[in-house]
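Asker: Quick one: the structure is below, and I'll ask about it shortly.
Only the coordinates and a few stated rules stand behind these numbers; no lab work does. Since the structure is predicted, the reported quantities are computational estimates derived from the model, not experimental observations. Glycine gets a Cβ as well: all are built from the backbone with ideal geometry, and neighbour counts include every protein chain shown.
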Amino acid sequence: MPLLAIETTCDETAAAVIDRARRVLSSVVASQEALHAAWRGVVPELAARAHVERIVPVIDEAVSRAGVSRGAIEAVAVAVRPGLVGSLLVGVAAAKGVAAALGCPLVGYDHVAAHLYACRIAHGDRAVWPAVGLVASGGHTSLFHVRSPLDLERLGGTIDDAAGEAFDKAAALLGLGYPGGPAVERAATGGDPRAHRFPRPLAGDRDRLDMSFSGLKTALRYRIRPPGAPEDRPPPEGRARADLAASFQQAVVDTILAKVGLALERTGCRVLMVGGGVAANTLLREALEDLGRRRRVAVLVPPRELCTDNAAMGAIAWERLERGENDGLELDITPGTDRRRADAPPPGGKRP
């Protein structure tokens, strides 16, 4: 019998049905990209309202596509941390309603750990632990020592902007569209990644596994609009923009790569698991695969549709169910960062 997973941590309303063998029977994602494009970033209040409008149709479609009856749903899983307060509350409220109506267990799961669990869905038995985990997205850029799907030790991460957020800001500076990651990647096509020598903040610091992207973003801003230049100066176009985009993208990838290599050295792990929306970036995927070949490390990256926010990765809830764990209707959210352990029970949660 399958479980129904619900994901509303940020700006994607998603639901999926996954069986005990971790086979995804259906996965539905309602994107809010067009809604937030005018702001070139996610507006939390607008995101929460959109979730309210879309959550029921998305759940209904996921169940319908899976070809199962509602009565066949064995449990309901929902992302409870980390994320935007309003967005999380919509998903948890919907999950509680469905679980109560069906009389089945309710299970909260960690969104960041789920991003790494997407490797288990995509690669099956190749996903073995322990591993180094890299989650790179609009809200998170962190490295973990993954001892098991629910046992993650945070090794380090960004001290300011996440990589995806930096891409969004770079896209705005370059006069590109939203979301910024795909826009910068498209603009970088044909550009010279060595045309501009942007900084790689903290990349050379071997004493810590932290990253920083704020200074890189500022360097791009001053390259486009030097101090004293008018604020209404139009962004570059053509080859000039392509070179800036390619150079910025290369700096982001180099920064991440340096810390991933250091994490592999420190832990001695022979497996690297990667998740998050930035993992859809072609240059990053190729660079990580090359790193794996050179270091003889298995690099597991999910297909792009499992990198961006989705509910299929909610299959991680099976790990808790198989340990005999579930949460009551008092389940609550934990908004904010990814610094909590993935196996910590959600507020109000219970163990056997």
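Asker: Would you mind ranking Trp39, Trp318 so that the residue whose beta carbon has the fewest other beta carbons within 10 Å leads the list?
Answerer: So the residues, fewest neighbours to most, are Trp39, Trp318.
Asker: Averaged across orientations, what area in nm² does the convex hull of the alpha carbons in the range 129-306 project? Write out the running numbers ahead of the final one.
Answerer: On the way: hull surface 40.6 nm².
Here the figure is 10.1 nm², rounded to one decimal.
Asker: Oh, and also: Largest first, please: the extent of the C-alpha atoms of the range 1-85 along each principal axis, to the nearest Å.
Answerer: So the three principal-axis extents are 42, 23, 19 Å.
Asker: When the helix-only estimate is applied to the chain (DSSP H runs of n ≥ 4, each -39,500 (n - 2.57), divided by the residue count), what is the mean residue ellipticity at 222 nm, nearest 500 deg cm²/dmol? Walk me through the numbers on the way to the answer.
Answerer: Details: 11 runs with 142 residues, N = 352.
It comes out at -13000 deg cm²/dmol, rounded to the nearest 500.
Asker: Return the percentage of antiparallel bridges among DSSP beta bridges fully within the chain, rounded to the nearest 5 %.
Answerer: 60 percent
Asker: Continuing with the same structure: Treating only the Cβ of Lys, Arg, Asp and Glu as charged (+1, +1, -1, -1), what charge dipole size does the chain show about its Cα centre? Round to the nearest 20 debye.
Answerer: Here the chain has a charge dipole of around 920 debye.
Asker: Is the range 115-169 best put as rounded, prolate or oblate by its Cα gyration tensor, with a ≥ b ≥ c the root eigenvalues, rounded for a/c under 1.5, and otherwise prolate when a/b is larger than b/c, oblate when not?
Answerer: Note, shape of the range 115-169 comes out oblate.
Asker: Expressed as an acute angle from 0 to 90° and rounded to the nearest 10, what is the orientation of the C-alpha long axis of helix 238-267 relative to the principal long axis of the chain?
Answerer: 60 degrees
Asker: Given the range 1-124, what percent of its DSSP beta bridges are antiparallel, to the nearest 5? Spell out each step's value before the answer.
Answerer: Values: 12 of 21 bridges.
Restricted to the range 1-124, the bridges split so that about 55 percent are antiparallel.
Asker: So which trypsin sites (Lys or Arg not before Pro) in the range 277-323 are both in a DSSP loop and have at most 11 other Cβ atoms within 10 Å of their Cβ?
Answerer: In loop regions of the range 277-323 (DSSP not H, G, I, E or B), the sparsely surrounded trypsin sites (Lys or Arg not before Pro) are Arg296.
Asker: Using only the Cα atoms of the range 160-207, build the gyration tensor, take square roots of its eigenvalues as a ≥ b ≥ c, and label the shape rounded, prolate or oblate: rounded if a/c is under 1.5, else prolate if a/b is larger than b/c, else oblate. Show your work: numbers first, answer last.
Answerer: Details: a/c = 2.63, a/b = 1.41, b/c = 1.87.
Verdict is oblate for the range 160-207.
Asker: Determine the dipole magnitude for the range 129-306: charges of +1 sit on the beta-carbon of Lys and Arg, -1 on that of Asp and Glu, nothing else is charged, the reference point is the Cα centre, and the result goes in debye to the nearest 20.
Answerer: 440 debye
Asker: Run through the DSSP bridge list for the range 129-306 and note the antiparallel percent, rounded to the nearest 5. Let's see the in-between values first.
Answerer: On the way: 12 of 20 bridges.
Taking every DSSP beta bridge within the range 129-306, about 60 percent pair in antiparallel fashion.
Asker: Further, regarding this structure: Separation of the range 280-341 and the range 167-191 by C-alpha centroid, Å?
Answerer: The two parts, judged by their Cα centres, are 25 Å apart.
Asker: What ratio of Cα Rg to 2.2 N^0.38 Å holds for the chain?
Answerer: Working it through for the chain, the quotient is 0.99.
Asker: Could you list Ile256, Ile73 so that the one with the fewest beta carbons within 10 Å of its beta carbon is first and the one with the most is last?
Answerer: With the fewest neighbours first, Ile256, Ile73 line up as Ile73, Ile256.
Asker: Going by how many other beta carbons lie within 10 Å of each one, how would you line up Met1, Met273, fewest first?
Answerer: Least to most surrounded, the residues fall as Met1, Met273.
Asker: Nothing charged except the Cβ atoms of Lys and Arg (+1) and of Asp and Glu (-1): what's the magnitude of the dipole of the range 90-183 about its Cα centre? Round to the nearest 20 debye.
Answerer: That gives the range 90-183 a dipole magnitude of about 260 debye.
Asker: Hey, another quick one. Tell me, what ³J(HN,Hα) does each residue in the range 102-110 have, in order and in whole Hz, if you take phi through Karplus 6.51 cos²θ - 1.76 cosθ + 1.60 with θ = phi - 60° and put x for Gly and Pro?
Answerer: Running phi through 6.51 cos²θ - 1.76 cosθ + 1.60 with θ = phi - 60° gives 8, x, 10, x, 10, 10, x, 9, 8 Hz.
Asker: Could you give the angle, 0 to 90 degrees to the nearest 10, between helix 282-295's Cα long axis and the longest principal axis of the Cα atoms of the chain?
Answerer: The two axes meet at around 90 degrees.
Asker: Which residue, His145, Met1, Ala187, has the largest displacement toward the positive end of the dipole of the chain when charges sit on each Cβ (Lys, Arg +1; Asp, Glu -1)?
Answerer: It is His145, whose Cα lies furthest towards the positive end.
Asker: If you fit an axis through the alpha-carbon atoms of helix 163-173 and take the longest principal axis of the Cα set of the chain, what angle between them do you get, 0 to 90°, nearest 10?
Answerer: 50 degrees
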